[in-house]
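Everything on this sheet refers to the single structure shown next.
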Amino acid sequence: MVEAHATPATPFLPLTGLHKYIAIFLVVLSWILVHKWSLRKQKGPRSWPVIGATVEQLRNYHRMHDWLVGYLAKHRTVTVDMPFTSYTYIADPVNVEHVLKTNFTNYPKGHVYRSYMDVLLGDGIFNADGELWRKQRKTASFEFASKNLRDFSAIVFREYSLKLSGILSQASKAGKVVDMQELYMRMTLDSICKVGFGVEIGTLSPDLPENSFAQAFDAANIIVTLRFIDPLWRVKRFLHVGSEALLEQSIKLVDEFTYSVIRRRKAEIVEARASGKQEKIKHDILSRFIELGETGEDSGGLGDDKSLRDVVLNFVIAGRDTTATTLSWFTYMAMSHPDVAEKLRRELCAFEAERAREEGVALVPCGPDADDKSFAARVAQFASLLNYDSLGKLVYLHACVTETLRLYPAVPQDPKGILEDDVLPDGTKVRAGGMVTYVPYSMGRMEYNWGADAATFRPERWINEDGAFRNASPFKFTAFQAGPRICLGKDSAYLQMKMALAILCRFYRFQLLEGHPVEYRMMTILSMAHGLKLRVSKAV
Ligand code: HEM
C-alpha cells in the first residue's frame, strides 16, 4: 500500500525561481507607482525613488540659481526631493510673507541648517533661534539704532572709499588691470572691522598685503554651502578627507584671526580703563558684547571668547561679503549699461555743484589734464560733501543700488527649517523636518512679481512720477529678508555702498577686461566666481 504523503496546508504557493523574480518585479513596480502617485501634484524636477532629484541638482549645481528660475517661473512653488528630506522653494510674495512673518515661529533656522553651518557661524545671530537669537538681536539692534555709530560709520566709509579711490587712481595711471571684487572685499572687511570691532586691519593699504584670513573665510563658506547637497559630507568629516579636511584647515586660520581681534579689543578696553580714559572705550558692536559678558547682565552666556568669536564671524559675513558683492554686481551693471552710468554721472555732477553752493565752497579746478595732486584734492573735496543726509538726495544712485539687489541679491536663497507640518497660502503642504527656502534671486526675475521686463536692469522702475524713490513690499523685494529677522544692517549697507559708489562713479569709468567671464559662484553669498577684472580710467 502506498502511503499517502499529506502536504501541509499553506496559504502561499512555493516560489519557483521565475515566481520569485515576478514577485520582486511586482513589489518594485508597486513601490514606484505609489511613489509616482504621491508625487502627482508635486511641482519641480523629476524625483526618483530614494535619490529624489539629487542627480539633476548636482548636474546643475554650478548654475543652481538659474536652474531654480526656470522651475519657479512655471510653478511659483517648487519641491525638490533629496535623500531623506525635501526642499521647498518659494517665489510668490504671499507664501514668503506667510513664512517670514505670519507663521514666523514655525520657520526657524532649524537644526539642519544649524548643523551644516555650525562650524563657521557657531551660535552667532545668523545661526541662532529662540532666546539666543532674541538676545543678540536686541543687543545688535541697540547698536545699529545709535546715531553715534551712524556718524562714526559715515566717517569710516568715507575714509576707506578714498583709500580705494587712491588705489584706482594709481591703477589708471599705470594702465593696470584690477580685480574690483577683491578690492571691494578688502574695503568692506577693513570697514566692518573698524566699525564693528574697533580695529584697524589695513588690507586696503596701497601695497595690498596678503590676506590669508579672507581666503580661508571664503574657502570655508564655499565648503559649508556644498554640504547642503553633498550626502557624504559627514563621512568626509569623520575621515578628515577632501573638502572637509580643507574646511578644518580654513577654520583654524579663520579662528586665529578672530581670536586675535578679540584679544586686541579686550586689551584696549583694559588699557583704557587703567588709564582712566573712559572715552577711549569705544562703543562698537564687539565692545557691547564684551561688556554684556562682563556684567553678566542677562547675557545668556554671550560674553565668553567662543561666543565673541561667533559674533565677530557673523558680522564679518553680514557686513563684508554682502556689501562687496553688491558693489561688484553694481559695477558690472554700470559697465554693461553705459546709458545708466552716464545718467548717474549727471546726477552726481549736479549734486556736487549744488552741495558746493550750499556749503559756500569753490570747487578745486580739475580738468582732463589735472595732475595727481589736484585730482586727489577734488575727489577729497567731493567726499567731504557726502554724509548720511546729503547721500539721501541721490535718488538715482539709490535706485541703481536697489535695482542691482533685485537682480543680484547678495543672499540669493535663504532656507528655513519647518517645525510642524503646515500648508502654505497657495495650498502647498510642507512637512516638519524639511526645509522651505525663499529665493530672492528668482523672485527678482519673475514676471508675475515685476512685470514683463522683470529680467531687465532698469533703475527707473524704483522712481515715481514725482522723482522720489518708490519702495516695494519687503515680501516681494526680499534682498534684505523681511519680518522679525529683517536685515539689521540695511541702512548701514546703503550708506557704505552709496558713499563708495558716489565717489567712484563720479570720478572713474570702468571697462571690463575683454573676455573676462562674469558668473556667480555657489556659496551662501552671490559672489563672482572669477572676480571682476577691469581697467579703470579717470573721468573729470
Ligand atoms: C547689501 C548688503 C546686505 C544685504 C543684501 C543683506 C541681507 C541680509 C539678509 C538676506 C539677511 C537674512 C539672513 C538670514 O536669514 O540668515 C540679513 C540678516 C542680517 N544682516 Fe544683512 N545684509 C546686508 C548688509 C548687512 C550689513 C552691512 C550688516 C551689518 C554690519 C548686516 C547685518 C545683518 C544682521 C545682524 C542680520 C541678522 C538678522 C537676524 O537674524 O535677526 N547686513 N541680511
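The values are calculated or read from the model by the stated rules, or taken from the named source; none is laboratory data. Note that the structure is predicted; figures quoted are calculated from it, not measured. A quick note on method: Cβ atoms are made from the backbone with ideal geometry, for glycine too, and the neighbour counts reach across all protein chains shown.
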Can you tell me which residue among S153, S165, S169, S161 is closer than 24 Å to F382 by Cβ, among the polar types (S, T, N, Q) and touching an Asp or Glu at 6+ places or on another chain (Cβ under 8 Å)? S169
Enumerate the pairs (first residue in region 494-521 and under 19 Å from P409 (Cα atoms) and small (G, A, S); second residue anywhere and at pLDDT 95 or above and more than 16 Å from the ligand (Cβ to nearest atom)) with beta-carbon separation below 7 Å, excluding pairs fewer than 6 apart on the same chain, so at least 6 apart or on different chains. A500/L164
Would you pick out the residues in region 502-525 that are under 22 Å from V178 (Cβ atoms) and within 12 Å of the ligand (Cβ to nearest atom)? I525
Looking at this structure, is V411 farther than 27 Å from T188 by Cβ and buried (at least 20 other Cβ atoms within 10 Å of the Cβ)? no
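Is it the case that region 435-448 has a residue that's free of Cβ contacts under 8 Å to residues at least 60 places away in the same chain, buried (at least 19 other Cβ atoms within 10 Å of the Cβ) and under 16 Å from the mean Cα position of the chain (by Cα)? Spell out the reasoning first.
Step one: list which residues in region 435-448 are free of Cβ contacts under 8 Å to residues at least 60 places away in the same chain, which gives 440, 444.
Right, trim to buried (at least 19 other Cβ atoms within 10 Å of the Cβ) and you get 440, 444.
With under 16 Å from the mean Cα position of the chain (by Cα) added as a condition, the list becomes 440, 444.
For region 435-448, residues free of Cβ contacts under 8 Å to residues at least 60 places away in the same chain, buried (at least 19 other Cβ atoms within 10 Å of the Cβ) and under 16 Å from the mean Cα position of the chain (by Cα): present.
Being closer than 14 Å to L164 by Cβ and modelled with pLDDT of 95 or more, is that true of even one residue in region 472-494?
Within region 472-494 (the criterion being closer than 14 Å to L164 by Cβ and modelled with pLDDT of 95 or more), the answer is no, since none of the residues qualifies.
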Which is touching a residue at least 24 places away in the same chain (Cβ under 8 Å) and surrounded by 20 or more Cβ atoms within 10 Å (Cβ to Cβ), of Y116, Y87? Y87
If I filter region 131-147 down to residues being without any contact (Cβ under 8 Å) to a residue 60 or more places away in the chain and away from the ligand (no atom under 12 Å from the Cβ), which single residue comes out as farthest from K306 (Cα to Cα)? K147
Just the residues that are surrounded by 19 or more Cβ atoms within 10 Å (Cβ to Cβ), of a type in the set (A, V, I, L, M, F, W, C) and outside any loop (DSSP other than H, G, I, E, B), please, taken from region 414-431. V430
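For a quick check of your reading: which helices (runs of 4 or more DSSP H) sit entirely within region 163-262 and have at least 2 residues that are within 18 Å of the chain's Cα centre (by Cα) and crowded, with 19+ Cβ neighbours inside 10 Å? Steps first, please.
On the way: elements: 180-197, 212-226, 233-239.
Of the helices (runs of 4 or more DSSP H) lying wholly inside region 163-262, those with at least 2 residues that are within 18 Å of the chain's Cα centre (by Cα) and crowded, with 19+ Cβ neighbours inside 10 Å span 180-197, 212-226.
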Among the residues of region 379-408 satisfying the criterion of being in contact (Cβ under 8 Å) with a residue 24 or more places away in the chain and among the charged types (D, E, K, R), which is surrounded by the fewest Cβ atoms within 10 Å (Cβ to Cβ)? K393
